[in-house]
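Please read the structure below before turning to the comments.
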Amino acid sequence: MSSAPKIPTVQLPSGARMPVVGLGTWKSKPGEVKQAVKDAIDVGYRHFDCAFIYQNENEIGEAFAEKFKEGVVKREDLFICSKVWNTFHSKEAVKRGLAETLKSLQLDYLDLYIIHWPMGYLEGGDIVPWDKDGKMQHSDIDYVETWQALEEVQKSGKARDIGVSNFNVEQLKRIQAISSLPIAVNQIEVHVYNQNKELIQYCKQHNITIVGYSPLGSFDRPDDGLTSDYPPPLEDSSVKGIAEKHKKQPGQILLKYLLQQGYVVIPKSVRKERLQANLQLFDFELDAADQQALTQLCKGGHARACTMNQDWNHKHHPFPNQGKIRARGAVIQ
Ligand SMILES: NC(=O)c1ccc[n+]([C@@H]2O[C@H](COP(=O)([O-])OP(=O)(O)OC[C@H]3O[C@@H](n4cnc5c(N)ncnc54)[C@H](OP(=O)(O)O)[C@@H]3O)[C@@H](O)[C@H]2O)c1
């Protein structure tokens, strides 16, 4: 434990501090995720990114409870985020979804609760409500209503800060226009192939912390993912070259690139050696030439791992260029 690196933090509107590296938990399978979270705590992680839809909050809760019981960490040492799933967008459903998440995680409050996507789905049935023709059943609940429910959650003390995920500038502005509370974070896909410059600039101007998801390119995702035009960034020759130059691993270069731009990163791993490697980011700096080479990998476009293709016809789908999406997810700008 003494060799665990000290992770810098950023301050959120409540005054709470969020460690700039957290553990992603999407796709971390039951049977794996509990051990991964326990290992992560042992090697120094204090920030955990969870979600109702990942369907593994129960095991994550067991890991937290065991580490609290062992006295390794206290609740207040951890920064825990979870997300309102699309089938919980109405005011009443937000409360139910939060209650389920808190019960699974064995917590009485979250540090951060965010709206996972701006699109609402049909409530009260399946959590991924496909119809018999293979189309997603949407609801027309406005994310503004969901946000107002989050304001109540924050006022009740069950979440210290509230925020959003996958919101575009226009959607952020709609919330800001009616909200009495600040949007603490926008959690969005950021990596070398999707640098989101305009959205990030807006968030920076408005003191909305960017939490970058899929920072390594999400190559274990189940479906669409990035195209062959965008091979795994971990295998890119310039990323590998920069890694050799700094005697680091490619993954560390990709994460450091995002940290140096002021983002929080939440890489997912279930392997202890990678959990450790993904924290060893504070003993080197990328120089201007490294950063320029990495910026050029974007090729001026937005290649996304997470496209939510099934929701292109939803009026609140956040991404540009609807209908111009290629198979497996690279959006042509
Ligand atoms: N808000 C949203 O809509 C949203 C969407 C997507 C993701 N997220 C969050 O962001 C987190 C991270 O994104 P992600 O899971 O999509 O992808 P990611 O973190 O970019 O990539 C995860 C993949 O990289 C591997 N990996 C991890 N560290 C590595 C290293 N040092 N070297 C080589 N490979 C490494 C992992 O394998 P092993 O596990 O086998 O090590 C896994 O296959 C998610 O888990 C989730 O918490 C949020």
Just the residues that are more than 6 Å from the ligand (Cβ to nearest atom), farther than 19 Å from VAL211 by Cα, in contact (Cβ under 8 Å) with a residue 12 or more places away in the chain and not polar (S, T, N, Q), please, taken from segment 267-282.
LYS272
Being away from the ligand (no atom under 16 Å from the Cβ) and not small (Gly, Ala, Ser) narrows it down to one of LEU23, LEU78, LEU98, so name that one.
LEU98
Those residues of segment 263-288 which are among the basic types (Lys, Arg), surrounded by 18 or more Cβ atoms within 10 Å (Cβ to Cβ) and either part of a loop (DSSP other than H, G, I, E, B) or over 16 Å from the mean Cα position of the chain (by Cα) (or both) amount to none
Residue count, segment 39-64 (criterion: over 25 Å from HIS116 (Cα atoms) and not in a loop (DSSP other than H, G, I, E, B)):
3
Total residues in segment 139-186, condition part of a loop (DSSP other than H, G, I, E, B), in contact (Cβ under 8 Å) with a residue 40 or more places away in the chain and of a type in the set (Ser, Thr, Tyr)
1
Evaluate the following for PRO30: is it farther than 28 Å from GLN154 by Cβ and outside any strand (DSSP E or B)?
yes
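For segment 151-180: of the residues being of a type in the set (Ser, Thr, Tyr) and out of contact with any strand residue (DSSP E or B) (no Cβ under 6 Å at 6 or more places or on another chain), which is nearest to the ligand (Cβ to nearest atom)? First the steps, then the outcome.
Initially, segment 151-180 is screened for residues of a type in the set (Ser, Thr, Tyr), giving 156, 165, 179-180.
If we keep only those that are out of contact with any strand residue (DSSP E or B) (no Cβ under 6 Å at 6 or more places or on another chain) too, we end up with 156, 179-180.
On the way: SER156: 23, SER179: 20, SER180: 24 Å.
Applying the filter and picking the extreme gives SER179.
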Working only within segment 26-59, note down all residues that are within 11 Å of the ligand (Cβ to nearest atom), without any contact (Cβ under 8 Å) to a residue 60 or more places away in the chain and more than 17 Å from PRO5 (Cα to Cα).
CYS50, TYR54, ASN56
Please name all residue pairs, on different chains or six or more residues apart, with Cβ atoms under 9 Å, provided the first residue is in segment 68-80 and is over 12 Å from LYS38 (Cα atoms) and the second residue is among the acidic types (Asp, Glu).
ARG75/ASP108; LEU78/ASP111; PHE79/ASP111; ILE80/ASP49; ILE80/ASP111
Pick from segment 15-58 the residues that are surrounded by 22 or more Cβ atoms within 10 Å (Cβ to Cβ) and charged (D, E, K, R): which of them is farthest from LYS268 (Cα to Cα)?
GLU57
How many residues of segment 205-225 are out of contact with any helix residue (DSSP H, G or I) (no Cβ under 7 Å at 6 or more places or on another chain), modelled with pLDDT of 95 or more and either among the acidic types (Asp, Glu) or assigned to a strand (DSSP E or B) (or both)? The answer is 3
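The values are calculated or read from the model by the stated rules, or taken from the named source; none is laboratory data. Since we're looking at a predicted model, the values are computed, not measured. Neighbour counts run over all protein chains shown; Cβ positions are idealised from the backbone, glycine included.
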